[in-house]
1. How would you rank Arg158, Arg134, going from fewest to most other Cβ atoms within 10 Å of each one's own Cβ?
2. Would you mind calculating the gained length between Leu72 and Ala44 on full extension (0.36 nm times residue separation, minus the Cα-Cα distance), in nm to one decimal?
3. Taking neighbour Cβ counts within 10 Å as the exposure measure, how do His133, His57, His110 sort from fewest upward?
4. Leu197 to Arg58: FRET efficiency via 1/(1 + (r/R0)^6), r the Cβ-Cβ distance, R0 41 Å, to the nearest 0.05?
Amino acid sequence: MQYPSRASSLPSAVPVACALAVGLALIISGLQPYDRLGWLAEAAPVFGVGALLVLSHRRFALTPLSYLLLSLFALVVLTGAAYSFQRVPLGFWLADALGLSRNPYDRLGHFVQGFVPALVVRELLLRCAWVTHRSAAAVLAASVALALSACYEILQWRLALFFQQPLQDFMGMQGDLGDSQADMFMALLGAVLALALLSRLQDRQMAAQPWVRLRADRRGTPRGQLA
């Protein structure tokens with residue numbers, strides 16, 4: 001089963017709405033962030049990925065599900081960047097409601113850090129035909145999500161040392177010596193749940209895209225194989 005990559009020229013409201021929402025959030029979060037250096041470190045990937053998605057949209061448009069999830073991820077990251085993750089008000093509310101001793105917003109961020117990339121990677125693997133078996137795609141997607149989480153932890157550590165910032169503050173450890181391991185576990189958990197809950201929806205959206213249907217018809221491939 002292959003998922004061709006060239007997008008239809010038909011306009012889509014979903015990526016446009018997502019781009020506007022993330023762009024507005026990027027501006028608002030950068031007005032008066034708690035820590036300008038921390039904001040730059042967190043916002044830079046959002047800006048870079050956003051620019052890549054805009055530039056590649058005509059040649060390789062993702063499914064609406066992927067655009068929505070990436071936008072959600074960006075909003076979670078930019079909120080954390082504006083307040084610093086250990087000071088986000090929603091996290092304090094959750095800590096009070098659940099009786100926790102620390103602000104859990106960073107845990108939510110790492111959960112989304114696994115949830116979203118896993119599905120995006122799965123879509124790329126299948127549509128580019130790098131992997132044709134769904135189970136293999138799921139295993140690889142979860143592995144990539146975990147690897148990205150680990151790379152993020154390493155990058156945070158090196159940036160803290162480079163800028164001579166306290167590890168506890170820059171990495172948002174909140175006194176938790178196992179913070180990095182817990183963050184990676186949350187990313188893996190998010191990836192596994194995303195793949196279990198949304199893979200079928202993602203398959204339906206990929207099969208419903210006009211460029212997939214047209215390519216399948218030209219090859220004589222039964223449409224049922226794309227669903």
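Nothing in this text is a laboratory measurement; each read-out follows from the coordinates by a stated rule. Because the structure is a prediction, the values reported are computed rather than measured. So basically every Cβ, Gly included, is an ideal-geometry build from the backbone, and we count neighbours across all protein chains shown.
1. Arg158, Arg134
2. Here the answer is 8.5 nm.
3. Fewest-to-most Cβ neighbours within 10 Å comes out as His133, His57, His110.
4. 0.85
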